[in-house]
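The values are calculated or read from the model by the stated rules, or taken from the named source; none is laboratory data. No experiment lies behind these values; they were computed from the predicted model shown. Glycine gets a Cβ as well: all are built from the backbone with ideal geometry, and neighbour counts include every protein chain shown.
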Amino acid sequence: MKTLSIAVVGSGGAGALTTGNLLLEAAARLGCYGIQTRSVGPQIRGGEAAAMVRLSDEPIDCISDRFDIMLAMDWNNVHRFAPEILLDENSLIIGDPAEGEVPPALTRSNPQRREVAIGALAKQVRKGRANMIALGVIAEVIGLPDAAVIAVLEKQLGKKGEEALLSSLDAITAGRAAAAGIEPRRLPVNGSAGTAKWIITGNHAAGLGAIRGGIKFVAAYPITPATEVLEWISKALSRTGGTLVQAEDELASINMILGASFGGQPSLTATSGPGLSLMVESLGLAVSAEVPIVVIDVMRGGPSTGIPTIAEQSDLNIAVYGLHGDAPHLVLAPNSVTDCVATTQWSVFLAEALQTPAVVLSDQYLGQARCIIDAPQTLPLRGERLLATDAGGERYQRYAVTESGVSPMAIPGLPGCQHTADGLEHNPIGTPSSTAADHQTQLDKRQRKLTQFDFGDRWADIEGDGELAIITWGSVTGAVREALGRLRAEGGGGIRLVSIRLLTPVQPERFAGALAGVKRVLLIEQSHSAQFRHFLAAHYRLPEDIEILNRAGPLLFRAGEVYDRIKSWSGV
Amino acid sequence: MSQTAEAAAPVTLTPNDYKSNIKPIWCPGCGDYSVLLEITKALAALALRPENVAIVSGIGCSSRFPAYSNCYGFHGVHGRALPVATGLKIARPDLTVLCTGGDGDGFSIGGNHFLHACRRNVDLTYIVMDNQVYGMTKGQASPTTDPDWDHVLMPGGTGTRAFQPLVIALASGANFVARAFSGDPAMTTDIIIEAIRHPGFSFVQILSPCVTFRPDQREWRNFVRQAPVPETNDPSRAARRIMSDDGFNLGILYRGDRPPYRISRKAEFEEVTAIGKEFLV
């Protein structure tokens, strides 16, 4: 795999993020895969910003170990990004001499340094902007042809008119000229575009999966880093005949979707840890009343307000165990930006099929990374619940005891099947009951829905074989996949990857099959207390020889350190 | 409420058509029995078919209401009835949606939803059976209890000013505000009929005595009276009247004309496969 990583930094208003966006789009037109993340200061508006773009000739789902190029329009607070933008002696720092010395935090690893008078050049161009000079400099250094840059600019700046476009093009030309002497760092593709690519974030991908799964109603309360799911889906629903309502809090948003789903519409909300905490009581209501809903949790650092802008895999416990009582429900996790589409769509399908809540554990990294991907597969998974058509002359039993555990659901408006959906324990009719027999029967029925359903192969991604296995989940999978790919490219095979997508209900038989012949296991997760390890130990039979690589956010796992750990662990 | 449902209904519906055969858990003499009768009478008078009516509630004595009706019902968690009803009505504007509950459920744990339901003005009818006590947990002070009402949990009283639900409803934007007394079936039924008919969020406080934990409320029948002034469409005038009365003036106190929450949904919409093209580079 060939990659090229570029960081563009600048203080508020300099437009570093725009430069990153344009770079990613232009590279996508040339057939690159890629991923773009951003890091910003704590200010609501303005403040320093870094766009980090990693381009590749193969699909990637992991940020870079190191950067080939760092271009800084100025040095204000740039030292803050030093832990994220790792440089070495092969890296190239491009800075503006008028902005002063390169901060020592960036030069310790002894990167190569070049100077371009970015600010002065911008002033020489009519309405010229420094970030367009920067784009020109980078385009020249990485060999990005004018045609790709112009196509992207026309798309982005089209609304601003001819003048904005021309001044940008002039600035880019000036940037290219100024970079003429800098030795190239070439793009990982040769320019044959191949199949058309998509650029999408995981939050938008989750929204798309929801729409594809048939979601018609969304209740929304804004929260970082989940808000983009809600904002995107608002527009999508307006095009597909659905509705979004803004709720007063997360208690309201989950109860609104319960009401809408009771009314027959597949319903969803999206939130993050603090919101999920508020929703937990009503998740239990969805279990008891057997009303399907989907809750996307875009995980961030916790507990409490924690670190809202950074990913962590630390909501596993609350998602799996947070509900009081014995409350079987679905917990799923996408393991790449692309997979956010399929896993969310599958979650809608499962929630509707099993009349129970599904929690989708995405995270800030998946949610907010912009990724160049191949067009996501379309899946024949559309949420459809088992509906009652009439009571058949009998008294309708909303919670009828069936072999599958799933009972035909009557939707308001259907004559003769009126019933009360209830969070109180109830008998098959739905009448509140506190008898041991009714409680046992309904607990068994609700459990049976999940244990008897055939979840198929989608429960996990299992890649490779051998006596060594790495077990992981969610966004960390990207770094593990890439590390294993590197090992394979070096001839080091014999390591299995098991990335679990369906967390609950647990799949003991499938898990045993996935680990058949495995003697040693390495667990990798982004959680301080190793929640995933404890989850696995509670539900699955694991080999005795277990090692674990775990760490809290905000420092995400990168392929390089995972590779190093796998090497030392496996001896491969 | 749904005009089509009303038009399609036969004329033969009686209050009994809206009652289930489940025996309420309420104490003998509880005001909520009367409210059950009054609501079913109102539904019969409006000739709404039971399958086109949904009754949503939270937790508490009066929140047991849905199971005692023969309409569609949703009995959720404590304090969250209004969001459930809101989601249901927005998803299914063809249904008539009532929300029933008590003063603890609606004004304490669910207080925030009460404010926002009034603001949002979705076409719902919210009926609160107010007995100024938590009956189900055996007699603690609720938000509408007087501050000096003595109880073991707060000996000598809560010392906390009683919540003024009708004024709060007005200030928050409710479109219809009324007070009724469970012991006056004719007037209460009429008020509920008007509340269901009125577009937007209608709020009806029904004084409904708890004879078990507030036996003093048996006296309410001697205190209540028809409000001495006719209803108004001026919220500030209504608020002034409500704030200066003794809590026993009955009737429709405010009927506004604020347009209800707009539910925008395209009748003709695009195929799901059309969604996502924006991501193509």
Neighbours by Cβ (under 9 Å, 6+ apart or cross-chain): first from the range A:265-291, outside the structural domain of residue A:240 (by TED's automatic domain parsing) and more than 19 Å from residue A:439 (Cα to Cα); second at pLDDT 95 or above and among the small types (Gly, Ala, Ser): none
Count of residues meeting criterion [at pLDDT 90 or above and small (Gly, Ala, Ser)] in the range A:1-60: 15
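From A:171, A:219, A:151, A:210, which residue is surrounded by fewer than 21 Cβ atoms within 10 Å (Cβ to Cβ) and either among the small types (Gly, Ala, Ser) or over 30 Å from residue A:295 (Cα atoms) (or both)? Give the derivation first.
Details: A:171 fails: surrounded by fewer than 21 Cβ atoms within 10 Å (Cβ to Cβ); A:219 fails: surrounded by fewer than 21 Cβ atoms within 10 Å (Cβ to Cβ); A:210 fails: surrounded by fewer than 21 Cβ atoms within 10 Å (Cβ to Cβ).
Just a single option satisfies the conditions, and that option is A:151.
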2 or more residues over 25 Å from residue A:35 (Cβ atoms): qualifying helices (runs of 4 or more DSSP H) within the range A:458-564: A:508-514, A:531-539
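Identify all residues within the range B:243-252 that are surrounded by 12 or more Cβ atoms within 10 Å (Cβ to Cβ) and modelled with pLDDT under 95; write none if there are none.
To start, the set of residues in the range B:243-252 that are surrounded by 12 or more Cβ atoms within 10 Å (Cβ to Cβ) comprises B:245, B:247-252.
Within the range B:243-252, just B:245 meets the criteria.
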In the range A:283-298, the residues that are part of a strand (DSSP E or B) and within 18 Å of residue B:76 (Cα to Cα): A:293, A:294, A:295
Single unsatisfied condition, residue B:114 versus (1) within 13 Å of chain A (Cβ to nearest Cβ); (2) of a type outside the set (A, V, I, L, M); (3) not in a helix (DSSP H, G or I): (3)
Residue within the range B:253-269 that is modelled with pLDDT of 95 or more and in a helix (DSSP H, G or I) present: no
Number of the exception - residue A:71 against (1) more than 29 Å from the chain's Cα centre (by Cα); (2) surrounded by 15 or more Cβ atoms within 10 Å (Cβ to Cβ): (1)
Residues (among the aliphatic types (A, V, I, L, M), touching a helix residue (DSSP H, G or I) at 6+ places or on another chain (Cβ under 7 Å) and part of a helix (DSSP H, G or I)) located in the range A:7-57: A:16, A:22, A:23, A:26
Residues of the range A:413-438 that turn out to be closer than 20 Å to residue A:357 by Cβ and either buried (at least 22 other Cβ atoms within 10 Å of the Cβ) or more than 14 Å from every other protein chain (Cβ to nearest Cβ) (or both), as a count: 7
Among the candidates A:153, A:157, A:144, residue that is under 21 Å from residue A:36 (Cβ atoms), part of a loop (DSSP other than H, G, I, E, B) and in the same structural domain as residue A:94 (by TED's automatic domain parsing): A:144
Selected residue [more than 22 Å from the chain's Cα centre (by Cα) and either over 15 Å from residue A:81 (Cα atoms) or of a type in the set (Gly, Ala, Ser) (or both)] from A:20, A:15, A:34, A:41: A:15
Search result, residues across the range B:65-87 that are within 7 Å of chain A (Cβ to nearest Cβ) and over 12 Å from residue B:20 (Cβ atoms): B:74, B:75, B:76, B:77, B:80, B:83, B:84, B:85, B:86, B:87
Condition check for residue A:205: closer than 30 Å to residue A:339 by Cβ, in contact with an Asp or Glu (Cβ under 9 Å, 6 or more places away or on another chain), at pLDDT 95 or above and of a type in the set (A, V, I, L, M): yes
Cross-chain or 6+ apart pairs with Cβ under 9 Å, the range A:18-32 first and surrounded by fewer than 24 Cβ atoms within 10 Å (Cβ to Cβ), then hydroxyl-bearing (Ser, Thr, Tyr): A:30/A:192; A:31/A:192; A:31/A:195
Restricting the range A:462-501 to residues that are over 15 Å from residue A:550 (Cα atoms), of a type in the set (A, V, I, L, M, F, W, C) and in contact (Cβ under 8 Å) with a residue 60 or more places away in the chain, the residue that is surrounded by the fewest Cβ atoms within 10 Å (Cβ to Cβ): A:489
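A quick yes/no check of all residues on (1) acidic (Asp, Glu); (2) surrounded by fewer than 19 Cβ atoms within 10 Å (Cβ to Cβ); (3) out of contact with any strand residue (DSSP E or B) (no Cβ under 8 Å at 6 or more places or on another chain):
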position	(1), (2), (3)
A:364	no, no, no
A:370	no, no, no
A:374	yes, yes, no
A:382	no, yes, yes
A:385	no, no, no
A:405	no, no, yes
A:409	no, no, no
Subset of the range B:28-37 [in contact with a helix residue (DSSP H, G or I) (Cβ under 7 Å, 6 or more places away or on another chain) and over 13 Å from residue B:207 (Cα atoms)]: B:36, B:37
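Anything in the range A:274-306 that is more than 19 Å from residue B:56 (Cα to Cα) and not aliphatic (A, V, I, L, M)? List them, or say none. Let's see the steps before the verdict.
First, the residues of the range A:274-306 that are more than 19 Å from residue B:56 (Cα to Cα): A:274-278, A:280, A:294-306.
The answer is A:274, A:275, A:277, A:297, A:300, A:301, A:302, A:303, A:304, A:305, A:306.
Applying the selection to the range B:131-154, what residues are in contact (Cβ under 8 Å) with a residue 60 or more places away in the chain and either surrounded by fewer than 23 Cβ atoms within 10 Å (Cβ to Cβ) or touching a Leu at 6+ places or on another chain (Cβ under 6 Å) (or both)? Break it down stepwise before answering.
Our first condition is that a residue be in contact (Cβ under 8 Å) with a residue 60 or more places away in the chain; within the range B:131-154, this holds for B:131-136, B:138-139.
Correct list: B:136, B:138, B:139.
Assess whether residue A:295 counts as being under 18 Å from residue A:220 (Cβ atoms) and either without any contact (Cβ under 8 Å) to a residue 40 or more places away in the chain or within 22 Å of the chain's Cα centre (by Cα) (or both). I'd like the intermediate steps shown before the answer.
On the way: under 18 Å from residue A:220 (Cβ atoms): yes; either without any contact (Cβ under 8 Å) to a residue 40 or more places away in the chain or within 22 Å of the chain's Cα centre (by Cα) (or both): yes.
Answer is yes for this residue.
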